[in-house]
Ligand code: MD6
Ligand code: FE
């Protein structure tokens with residue numbers, strides 16, 4: 001009873017917000033790891049730099065991407081897929097550090113998806129004005145596994161729609177250190193990111209970085 005009374009009042013520590021059935025926003029869950037995350041991002045992007053890829057339709061994405069783990073997500077004129085090799089270097093993607101995989105496992109466990117072992121981490125970089133149009137994440141083999149998404153840097157507006165592209169999305173602010181875990185019934189919901197508003201983040205400057213952990217194969 002007392003615990004219920006104080007829920008939503010205390011503003012210390014992580015809190016959770018339910019976006020939809022199977023989609024939970026863990027406010028500030030990644031904050032304790034921000035320095036480690038920035039270090040690991042620097043290491044990964046030194047080996048596999050951010051690049052703006054071309055969609056199958058021939059458009060260059062406004063978001064720049066890279067990956068780490070056993071496979072990475074790529075798009076080109078041939079389509080979308082997961083590949084063990086970075087097409088830009090011809091080498092395997094940088095490894096996913098063990099602590100980082102463990103972090104994703106714990107975030108998933110926190111909202112009721114135990115035993116999540118991601119093999120891919122897709123990393124997106126948004127500059128001011130970059131956006132991600134409404135899409136479904138359906139290139140992963142096992143759609144029963146959740147996705148864990150970490151937001152760093154500038155605040156973004158996450159658009160969360162329905163099972164049809166035409167469903168009007170609801171809007172959620174994703175702040176530095178926020179983690180979204182989603183799986184189950186809404187795993188195939190349409191979602192995206194509104195054009196990034198200008199700002200200056202103390203740790204990351206004029207950009208937003210998003211990491212999404214997936215079981216791709
Ligand atoms: C982003 N995120 O936050 C884009 N997909 O920059 C996604 O597209 C996404 O956050 C699947 C699950 C969680 C996500
Ligand atoms: Fe997505």
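Does any residue in the stretch 204-215 that is farther than 11 Å from residue 152 by Cβ and touching a residue at least 12 places away in the same chain (Cβ under 8 Å) come within less than 7 Å, Cβ to Cβ, of a residue that is outside any strand (DSSP E or B) and within 12 Å of ligand 2 (Cβ to nearest atom) six or more places away or on a different chain, and which pairs are these? Filtered contacts from the stretch 204-215: 214/140; 215/140. One residue stands out in the stretch 173-189 among those that are within 14 Å of the chain's Cα centre (by Cα) and within 10 Å of ligand 1 (Cβ to nearest atom): the one that is farthest from residue 112 (Cα to Cα), namely 174. Taken together, the residues in the stretch 71-94 that are in a loop (DSSP other than H, G, I, E, B) and touching a strand residue (DSSP E or B) at 6+ places or on another chain (Cβ under 8 Å) amount to 9. One residue stands out in the stretch 151-180 among those that are assigned to a strand (DSSP E or B) and within 13 Å of ligand 2 (Cβ to nearest atom): the one that is nearest to residue 18 (Cα to Cα), namely 180. Which residues, counting only those in the stretch 109-131, are farther than 21 Å from residue 48 by Cα and within 12 Å of ligand 1 (Cβ to nearest atom)? Passing the criteria: only 131. Among the residues of the stretch 63-81 satisfying the criterion of being over 16 Å from the mean Cα position of the chain (by Cα) and within 16 Å of ligand 1 (Cβ to nearest atom), which is surrounded by the fewest Cβ atoms within 10 Å (Cβ to Cβ)? If we take residues in the stretch 63-81 being over 16 Å from the mean Cα position of the chain (by Cα) and within 16 Å of ligand 1 (Cβ to nearest atom), then 80 is surrounded by the fewest Cβ atoms within 10 Å (Cβ to Cβ).
Looking across the stretch 95-150, the residues that are part of a strand (DSSP E or B) and either crowded, with 19+ Cβ neighbours inside 10 Å or at pLDDT below 95 (or both) come down to 120, 121, 122, 123, 124, 125, 126, 132, 147, 148, 149, 150.
Taking the listed residues 156, 145, the one that is in contact with a strand residue (DSSP E or B) (Cβ under 8 Å, 6 or more places away or on another chain) and either within 11 Å of ligand 1 (Cβ to nearest atom) or free of Cβ contacts under 8 Å to residues at least 40 places away in the same chain (or both) is 156, with no other qualifying.
The values are calculated or read from the model by the stated rules, or taken from the named source; none is laboratory data. All values derive from a computational prediction rather than experimental measurement. Quick reminder, even Gly has a Cβ in these numbers, built from the backbone with ideal geometry, and neighbours come from all protein chains shown.
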